[in-house]
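Asker: One structure, pasted below without further comment.
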Amino acid sequence: MHRRKVFPGQVQNPPSVSYHTAQLLILVDGNPYGSVLPVLCMFPTVLWNLSLISRRYPHLPCLQVGQEHKHTYLPLEVCNIVAGQRCIKKLTDTQTSTMIKATARSAPDREREINTLVRKADFNNDPYAQEFGIQINNQMTEIRGRVLPPPKIQYGGRQAIPNQGVWDMRGKQFHTGVEVRVWAIACFAPQKMSREDALRNFTQQLQRISLDAGMPIIGQPCFCKYAQGADQVEPMFRYLKTTFQGLQLVMVVLPGKTPVYAEVKRVGDTVLGMATQCVQAKNVNRTSPQTLSNLCLKINVKLGGVNNILVPSIRPKIFNEPVIFFGADVTHPPAGDSKKPSIAACVGSMDAHPSRYAAAVRVQQHRQEVINDLSSMVKELLMQFYKSTRFKPNRIVFYRDGVSEGQFLTVLNHELRAVRQACVELEPGYQPGITFIVVQKRHHTRLFCADKKEQIGRSGNIPAGTTVDVGICHPTEFDFYLCSHAGIQGTSRPSHYHVLWDDNGLSADELQQLTYQLCHTYVRCTRSVSIPAPAYYAHLVAFRARYHLVEKEHDSGEGSHHSGNSDDRAPSAMARAVLVHNDANKVMYFA
């Protein structure tokens, strides 16, 4: 961004927008007159040729440029945006969706584009490549992969067999369904957007679908009221909890993207320990069986139910002894934010299936990837596993998401030791076998079918379950690529698994099969997902904690600047903010 010619030079750093308008903004530093003056006074006095411009839009905010502590402000109307700059801030949902649609290419199209670019680059005639004696093959590397068989999924009395990473729940009921007897509706959408008859119809359709799924929602809601604004959430929820004994669920209707969502989750998850399920008004007004079925998948696990399990007979032999599956992830604030903390999350399985998971979450230093407090997090989850199953796990399988190759040694040295320390602190001499696996999605490897007959769907991707462990893998270390999901749009990106430590002596076949099966245990959909469920849940927990840190009416949780007082930024205050209520942590509140 640069100023017009009256301001020579160019603004180097991306500016932020002031909270106040030009009319109200007060300049203290950098004021040539040594007194406090509003922008409207300063600009016409010092820069006479801007007087008309700055008076035309006094209601607009200003851009804060230069160093933050110097308080240098410019009215928007005297600035131009230099074309062709890359936006490094977090995109909105609409922008992200538009970008994906614009850049998505089916696998055959992507393959053709890559081949064309390589031919145009003509690397073999590059003088630098010739100088070093480097020759580049213009053809893609051909490697042999194999497609793993999908696991059978056990529902209540019936089984489902996935086909290309997808299965149908119609005609099947949850493995363990919850009966919902006391529930409420809070509608934060305006009455003209979600009318009473639409709410009534939504309730009836949801009850019909939930009954078919084996999770009957019985009777009418005990409470159904309209509300407005995030400040009404906590008083309403407190009233519901004290008035209706045994309240199981609050359905919250939202008008769209709104600060109310963050407040609902903060109050429900951390303050009162109430199960909440949000639904957009557009989905209330136009119900579809698919949307309602997806809602039931989430509601059932939030109330302590089990949607489905892996058929025990097909599981790998590691299940013959008590085993716990961990997933861990660290989410960082978006680019451009230099203040918000990173959030570390760890989840652990709580049964033998594995289907139920508990979570531990911590805030830590801005953009730090290594999990500081992993030892106490693992200890928490191991104790919960013992309370839930009455067994101490003999084996630990740990999926760690979001670590780049350059951080492998650092993460292994710190986090593997932290897991070991947690075990020893629980009981001297307790040393379960640990398998530590890093899951990577951010890489540039793409796999294409050599035989067009094997392409799947309209996008022409490789089949779900395709695994590659030769040719493009490390010559000495234990790693493999697994594409566990069905590609719907664009070109599928296989996940790269790197085994950093393995006490359990798992063979490549066993670990690949285990990982693929865990990709089928994700509770929010009837599809195999791209990474194992525990790693996915850790990401959800960290993402949810970001909402728990949001300040009511000031912040969206999506990367806007922190605007509260300094007390709220204190590490102890943030640690308390992400602490989940005991009642919520007994179930999968993050689903």
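The values are calculated or read from the model by the stated rules, or taken from the named source; none is laboratory data. All figures in this text were calculated on a predicted structure; none of them were measured in a lab. Positions of Cβ are backbone-derived with ideal geometry, glycine not excepted, and every protein chain shown enters the neighbour counts. Surface accessibility is based on the protein's heavy atoms, side chains included, excluding ligands, DNA and RNA. Shrake-Rupley method; radii C 1.70, N 1.55, O 1.52, S 1.80 Å.
Asker: Quick check: pseudo-label points 7 Å beyond the Cα along Cα→Cβ at residue 282 and residue 193, how many nm apart are they?
Answerer: Once both label points are built, they end up 1.1 nm from each other.
Asker: Hey, if you drop one equal point scatterer on each alpha-carbon of the range 336-490 and run the Debye formula without solvent, what base-10 log of I(q)/I(0) do you get at q = 0.18 Å⁻¹?
Answerer: Cα-only, vacuum Debye calculation for the range 336-490: -1.16.
Asker: Further question: Using a 1.4 angstrom probe with every protein chain in place, what is the largest-first accessible-area order of 509, 269?
Answerer: Working: 509 90, 269 5 Å².
Correct descending sequence by accessible area is 509, 269.
Asker: Then there's this: Place the peptides 222-232, 433-443, 179-189 in order of packing, highest mean first, counting for every residue the other Cβ atoms within 10 Å and averaging per peptide.
Answerer: Ranked from most to least packed, the peptides come out as 179-189, 433-443, 222-232.
Asker: Which of the following values of semi-axes √(5λ) of the Cα gyration tensor in Å was calculated from the structure shown: [x] 42, 36, 26; [y] 92, 34, 23; [z] 53, 39, 21?
Answerer: Among [x] 42, 36, 26; [y] 92, 34, 23; [z] 53, 39, 21, the one calculated here is [x].
Asker: I'd like the Karplus ³J(HN,Hα) series for the range 404-413: coefficients 6.51, -1.76, 1.60, θ = phi - 60°, whole numbers in Hz, and an x wherever there's a Gly or Pro.
Answerer: 8, 4, x, 9, 3, 5, 4, 5, 4, 4
Asker: Still on this structure, I have one more. Quick one: accessible surface of residue 254, probe radius 1.4 Å, all protein chains present, in square angstrom to the nearest 10.
Answerer: That residue has around 10 Å² of solvent-accessible surface.
Asker: Could you tell me which residue out of 408, 430, 352 lies farthest along the dipole of the range 323-444 toward its positive end? Charges go on the beta carbon: Lys and Arg +1, Asp and Glu -1, centred on the Cα centre.
Answerer: Going by the charge dipole, the pick is 352.
Asker: Between rounded, prolate and oblate, where does the range 215-296 land on the alpha carbon gyration tensor, with a ≥ b ≥ c its root eigenvalues, rounded for a/c under 1.5, else prolate if a/b exceeds b/c? Walk me through the numbers on the way to the answer.
Answerer: Working: a/c = 1.78, a/b = 1.21, b/c = 1.47.
Taking the square roots of the gyration eigenvalues as a ≥ b ≥ c, the range 215-296 is oblate.
Asker: Working with all protein chains in place, sort 17, 284 by solvent-accessible area computed with a 1.4 Å probe, largest first.
Answerer: 17, 284
Asker: For the range 245-258, take each phi angle, set θ = phi - 60°, evaluate the Karplus expression 6.51 cos²θ - 1.76 cosθ + 1.60, and give the result in whole Hz per residue in order, putting x for glycine and proline.
Answerer: Rounded to whole hertz, the list is 5, x, 4, 9, 8, 10, 7, 10, 9, 10, x, x, 6, 8.
Asker: Related question: What ranking, highest mean first, results for peptides 159-171, 479-491, 137-149, 339-351 when packing means the other Cβ atoms within 10 Å averaged over each residue? All intermediate terms of the calculation are to be shown ahead of the outcome.
Answerer: Numbers: 159-171: 15.7, 479-491: 21.3, 137-149: 12.0, 339-351: 23.2.
The packing order, highest mean first, is 339-351, 479-491, 159-171, 137-149.
Asker: Once you put a point 7 Å from the Cα of residue 582 and another 7 Å from the Cα of residue 317, both along the Cβ direction, what distance in nm separates them?
Answerer: Between residue 582 and residue 317, the label points sit 4.3 nm apart.
Asker: Length gain on complete extension for the stretch residue 220 to residue 454, per 0.36 nm per residue less the alpha carbon to alpha carbon distance?
Answerer: Using 0.36 nm per residue and subtracting the Cα-Cα distance, I get 79.2 nm.
Asker: Using r as the Cβ-Cβ distance of residue 404 and residue 499, and R0 as 22 Å, what FRET efficiency do you calculate, to the nearest 0.05?
Answerer: 0.85
Asker: Please work out the Cα center distance from the range 470-513 to the range 192-261, rounded to the nearest Å.
Answerer: So the two Cα centres are separated by 43 Å.
Asker: Then there is this: Determine the percent antiparallel among the DSSP beta bridges restricted to the chain, to the nearest 5.
Answerer: Values: 50 of 78 bridges.
Taking every DSSP beta bridge within the chain, about 65 percent pair in antiparallel fashion.
Asker: Modelling each spin label as a point 7 Å along the Cα-to-Cβ direction, I'd like the residue 391/residue 60 distance in nm, to one decimal.
Answerer: 6.6
Asker: Moving to a separate point now. Work out the FRET efficiency for residue 163 and residue 570 from their Cβ-Cβ distance, taking R0 = 51 Å, and round it to the nearest 0.05.
Answerer: 0.45
Asker: Whole number in Å², please: accessible area per residue of the chain, 1.4 Å probe, ligands, DNA and RNA not counted.
Answerer: Values: 29920 Å² over 591 residues.
Accessible area per residue, the chain: 51 Å².
Asker: Residue farthest toward the positive end of the dipole of the chain, with Cβ of Lys/Arg at +1 and Asp/Glu at -1: which of 368, 85, 194?
Answerer: Sorting the options by dipole projection puts first 194.
Asker: In addition: Not counting ligands, DNA or RNA, and with a 1.4 Å probe, what is residue 390's accessible surface area in Å² rounded to the nearest 10?
Answerer: About 150 Å², rounded to the nearest 10.
Asker: Could you size up the charge dipole of the chain around its Cα centre, putting +1 on the beta carbon of Lys and Arg and -1 on that of Asp and Glu, and report it in debye to the nearest 20?
Answerer: Dipole about the Cα centre, nearest 20: 1600 debye.
Asker: If you look at just the Cα atoms of the range 88-245, how large are its Rg and its Dmax in Å?
Answerer: 27.9, 80
Asker: Then there is this: Leaving ligands, DNA and RNA out of it, report the carbon-plus-sulfur percent of the accessible area of the chain at a 1.4 Å probe.
Answerer: 52
Asker: Under a point-charge model restricted to the Cβ atoms of Lys and Arg (+1) and Asp and Glu (-1), what is the dipole moment magnitude of the range 340-425 relative to its Cα centre, in debye to the nearest 20?
Answerer: The dipole of the range 340-425 has a size of about 260 debye.
Asker: Please go through the residue pairs 340/586; 225/586; 339/441; 192/282; 90/340; 241/302 and name each one whose alpha carbons sit more than 19 Å apart in this structure.
Answerer: Listed pairs above 19 Å: 340/586; 225/586; 339/441.
Asker: What full-extension length gain, to one decimal in nm, is calculated for residue 141 and residue 241 as 0.36 nm per residue of separation minus the Cα-Cα distance?
Answerer: Taking residue 141 through residue 241 to full extension adds about 29.9 nm, to one decimal.
Asker: About its Cα centre, what dipole magnitude does the range 180-329 give when the only charges are +1 on Lys and Arg Cβ and -1 on Asp and Glu Cβ, stated in debye to the nearest 20? Don't skip to the answer; put the middle values down first.
Answerer: Working: 17 positive and 9 negative charges, 53 e Å.
Here the range 180-329 has a charge dipole of around 260 debye.
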